[in-house]
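Here, each number is a calculation from the coordinates, and none is a lab measurement. This structure is a prediction, so every number in the text was calculated from the model and none was measured. Backbone-built Cβ (ideal geometry, glycine too); neighbour counts: all protein chains shown.
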Amino acid sequence: MSKYNRRKYSTENHQSDAAADENYTQGRDRTSNRPPGLKGKEIGLYYRNLAMNKRTGSANHSSKSHSDSRNLKYFSLDPAVEEIIKRSLYNSNHLYDEEKTSSAADDKQLIKNKYNHIRDSEFKRSFLNIISGSIQEKLAKSVSINKKLVSNELIDEKLKDEQKLRESSDDYIKIMNFRKKLPSFQKKEEILDIINSSQVVVISGETGCGKTTQIPQFILDKAIEDGNGSRTKIVCTQPRRISAISVAERIAYERAERLGKSVGYQVRLEKFLCRDYGSIFFCTTGILLQYMQSDPALSDFSHIVLDEIHERTTETDFIITLLKQVIPKRPDLKVILMSATLNAEQFSKYYERCPIIHIPGFTYPVSKFYLEDIIEITRFNFPPPPKLPTNWKKHLKPNKEIMKKNDDFTDFIEPALRQMESDKSYPAYVINQLRNPTSEELSLELIQALLEHISESKKPGAILVFLPGIMDITNLNKNLLGSGRFPSYKFQIYPLHSRLPTVEQKLIFQVPPAGVRKIILATAIAETSITIEDVVYVIDCGKTKLSRFDVNNNIEILKPEWISLANCQQRRGRAGRVQPGECYHLFSKAREMTLDEYPTPEMLRTPLEKIILQVKILLLGRVDVFLGSVIDPPDDKAIKIALNLLRNLNAIDDKENLTPLGYHLARLPLDPRTGKMVLWASMFSCVEPIFAIAASLSFKDAFYCPLNKEQEANDAKKKLGLEQFSDHIALAEALRQFEQGLLNRQAGRFCSDHFLSWNILKLLVEMKQQFAQHLYEMKFLDSSDPSDKRANRNSDNLAVIKAIVCAGLYPNIATVQNGKSFCKLRTVEDGTVKIHPSSINARANQLPTPYITYYLKQKSTAIFLHDTTCITEAALIFATTKCSIRPQGIRWSITLNQSISFVCKQSTAEIIQKLHEEFNKLLEHKISHPEPILWESQEGNILRFVLLSFFCIILLPIQQSF
Ligand code: ADP
Ligand code: MG
């Protein structure tokens, strides 16, 4: 179908757009920048009120109106609009059939009664099943209706024949000769015996020894040989998409087969399923969790192999805990926990000291070089540290982080340097460089110098560079290509990270032609899950990007951190696969002494909202109890914060039960806030811009800021903000223009003009499509095409987009206080906060609205708000969907939360509250009857009226109110 008719977004007071979609308006409404479908007088009212709002709004937003300490503003609704709202409320009644409330016999009945007012539907039944059952009941049921794994002699024989045939094929024999040399092969019988005699085993082994590719095959081949093929299906989880796919492909190749027979995989939105018996099925941990929602006993599988558990991702920790409940109900299920050689003991202990088997590795010796050696080799000079003003101590409050860094430096690095001086183990210039704190920052220039050194002076062999994040990979790649020193006839440079399209990933394994050196720029992904055989040199920057959640301040901190010793060892090991190798660590020996032994489990350093939704959808009972039983339980405070956020989002209720909204959010591969945004976008018909925003927020925005070009980059971003004082609008607009550019071959130019990363934008386009696919499967959209006109009626209405962004981000709101030449921002929890310099709004002297919403609050040198949008009171009222009203003297007050209140006439207060109620009912109805909005029906009318009324709110300075 033709692409959605893309227009430049119009601002809310822009008059008309003749190119509006005829399909859905049937020629009536040709104006796309107001709520669709308004008729006659309603259109006039909409524009008149917008104009009035604009006039009074600017008066209202002057510093004067903010001098009222309680921030009370007078709020009025045009009587004609009130009339329209009343009409819509009256008409909406018949949408929701109320069933008679029966008396509640027990807790379950109580929960069910809560949703009596919602008409029966398939969704309602499955939703009620979910929220009112327990995991034990579900497990029992799931075991009793086991369907696929049954013994079948005919199949067993067929599988045996197939295996014999395979064993005689040349391809198989050839690869078998390689397989036989892997250390895991030496332990084959022992591994099979131990799996046979114990329900749970832990297998640890050096990376590359053949755990992932061999062990599932040992199990399957043995089962086939023993005539048990028909009731054997092995599921093997991987923490990342890329490894699930590449391992499945590798095993199919080793079995001289195509994917889809005895080997298959499934990752988010990509699958190649295998047969239901006699097979090995690879999937991401997330997919297995999804399976467990409908079949918690995993009755389709005979063996479950959890791979890479040492990575301690939240999802694997979660499954390990969950399986403890499954095992007693499925005595025939075998659980195999596989880990690199880190801390295997801990897992065994967690499973009542289940047996451990260790596979010794074979790697060639790897020589280690530290920063001191690298400086000596390259004679690299670090730039001097940034100069602080001489009186900096007066201005800067002591910052814990900087202090800790300084302490570390004085406590560990300095004494080591003095020792080096006295030993004379290194020349003075090396020690001087190490004394410069900049030497501990990531330097792409140093990496380039080292790459040049290895390429010029060392024997052939691929070089693997570990970098903290995708952006560093992109930048280094660009630098290398731009330097002219790595011409393509002599070098193949590959980025390797989890966001890479799968096709590109395969090239990385190929050995280049003679005379060409392969350089792989990778994230931590190349540490354990992907083995590239021909690597001889490893450059380890020593850092990885980690986000940490600071529970005391309810703030997320994302920054490159030193890796643990265990990670260093893994990285080093990558160099010794085929011959003795070399590993260059870009940190000093002294720094190594400060590193932790193991990495911190993800569950202890990231917010818990997403995993709590999983606990709820899997009926695992009280969140604090379940999370208290994981291998390293998270902080109680972190659990409380996450539960609060979910309650605020209306994803769970006061009793910790999942709401219909929470149910959908649990099924979306997004954090709950961006999940809410995309759900609302599908209902309010503005999916293109909101999907773009959600993709950028949940992955990465595409803006970059080259050194010394900050001003230009800021200006370019600002242009894309369409004067909306919104980073989110800039994100949406960047992607919109990029996609338009792709059609007319201007995308490259557009990217370079606007300091945007082509690669990231391409990934965002892909993610947008994934969201559409999900929402289509969930029945909220008519099609899986994010550009479908039917899903984009309001996509040009910037006011609606900003309001939906606000609804998703609420309660992330700061209040704005405009001064003469600056503005001050405050949040209730933190007091004064600042807008991060990368935001469009950072340099504004005055902001046009009294509130600003933000995606992330991060603490570094100050508390910074990232990705901000200025929002009006109306958008806030729209976003909160809950308010309390009460008389206040001769007026009434409407309170949205503890810091945001308005005053108005009694009738207005009552109407707003009623409107919120009705709007919530509509949302609840829609969320519980997933189907696209029927804009030409009653429900469409309600949404239109909701938009109309919220955007026709008139705010007056309080003194003009009566
Ligand atoms: P482990 O899981 O123990 O880290 P794997 O089973 O992934 O080890 O890999 C075993 C060996 O198989 C690797 O050392 C490598 O030689 C080879 N191998 C694995 N995947 C591939 C691939 N996609 N292409 C080529 N060789 C591979
Ligand atoms: Mg592996």
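Pairs exceeding a 22 Å alpha-carbon distance, out of Lys368/Lys458; Lys458/Lys490; Lys637/Lys824; Lys717/Lys802: Lys637/Lys824. Listed by Cβ neighbour count within 10 Å, with the fewest neighbours leading, Val765, Val687, Val326 appear as Val765, Val326, Val687. For Leu464, the residues whose modelled amide H falls within less than 5 Å of its own, excluding neighbours fewer than 5 places apart on the same chain, are Ile520, Val536, Tyr537, Val538, Ile539. Scaled to the globular estimate 2.2 N^0.38 Å, the Cα spread of region 690-830, given as radius of gyration, is 1.15. Computed log10 I(q)/I(0) for region 286-385 at 0.23 Å⁻¹: -1.29, from the Debye equation with unit scatterers placed on every C-alpha and solvent omitted. Pairs Lys160/Lys349; Lys141/Lys188; Lys700/Lys779: which are spaced more than 29 Å apart, C-alpha to C-alpha? In this structure, Lys160/Lys349; Lys141/Lys188 lie more than 29 Å apart at Cα. Taking the square roots of 5 times each eigenvalue of the Cα gyration tensor of region 110-243, largest first, gives ellipsoid semi-axes of 42, 20, 15 Å. Would you mind classifying region 202-258 by shape? Square roots of the alpha carbon gyration tensor eigenvalues, ordered a ≥ b ≥ c; an a/c under 1.5 is rounded, otherwise it is prolate if a/b is larger than b/c and oblate if not. Prolate, since a/c reaches 1.5 and a/b exceeds b/c.
Cα centroids of region 415-441 and region 810-885: how far apart, whole angstrom? Comparing the Cα centres of region 415-441 and region 810-885, I get a distance of 45 Å. Across region 209-219, coupling constants 3J(HN,Hα) worked out from phi with the 6.51/-1.76/1.60 Karplus curve, θ = phi - 60°, read 7, x, 5, 5, 7, 9, 4, x, 5, 4, 5 Hz, and Gly and Pro carry x. The orientation-averaged projection of the convex hull spanning the C-alpha atoms of region 569-724 amounts to 15.8 square nanometres.
For region 708-787, the list of trypsin sites (Lys or Arg not before Pro) that fall in a loop by DSSP and count at most 10 other C-beta atoms within 10 angstrom reads Arg745. In this structure, the amide hydrogen of Val833, modeled 1.01 Å from its nitrogen in the peptide plane, lies closer than 5 angstrom to those of Leu825, Arg826, Thr827, counting only residues at least 5 positions away or on a different chain.
When the pairs Lys180/Lys459; Lys478/Lys518; Lys329/Lys655 are compared against a 23 Å limit on Cα-Cα distance, Lys180/Lys459; Lys329/Lys655 fall above it. Converting phi to 3J(HN,Hα) with the Karplus coefficients 6.51, -1.76 and 1.60 and the offset θ = phi - 60°, region 324-340 yields 4, 7, 7, 3, x, 7, 10, x, 7, 7, 9, 10, 10, 9, 10, 9, 5 Hz in sequence order, with x at every glycine or proline.
Electrostatic tally near Leu444: other residues with Cβ closer than 12 Å to its Cβ, Lys and Arg +1, Asp and Glu -1, net -2.
Cβ crowding within 10 Å, taken as a proxy for footprinting-reagent exposure, orders Phe409, Phe127 from fewest neighbours to most as Phe409, Phe127.
Taking a Cβ cut-off of under 12 Å around Lys914, the surrounding Lys, Arg, Asp and Glu residues balance to a net charge of -2, with basic ones at +1 and acidic ones at -1. Amide H contacts of Asn818 (H built 1.01 Å from N, in plane; Pro and chain starts excluded): Lys824 sit under 5 Å, all sequence-distant by 5 or more or on other chains.
Within the shell of other residues whose beta carbon sits under 10 angstrom from the beta carbon of Leu139, the net charge comes to +2, with Lys and Arg scored +1 and Asp and Glu -1.
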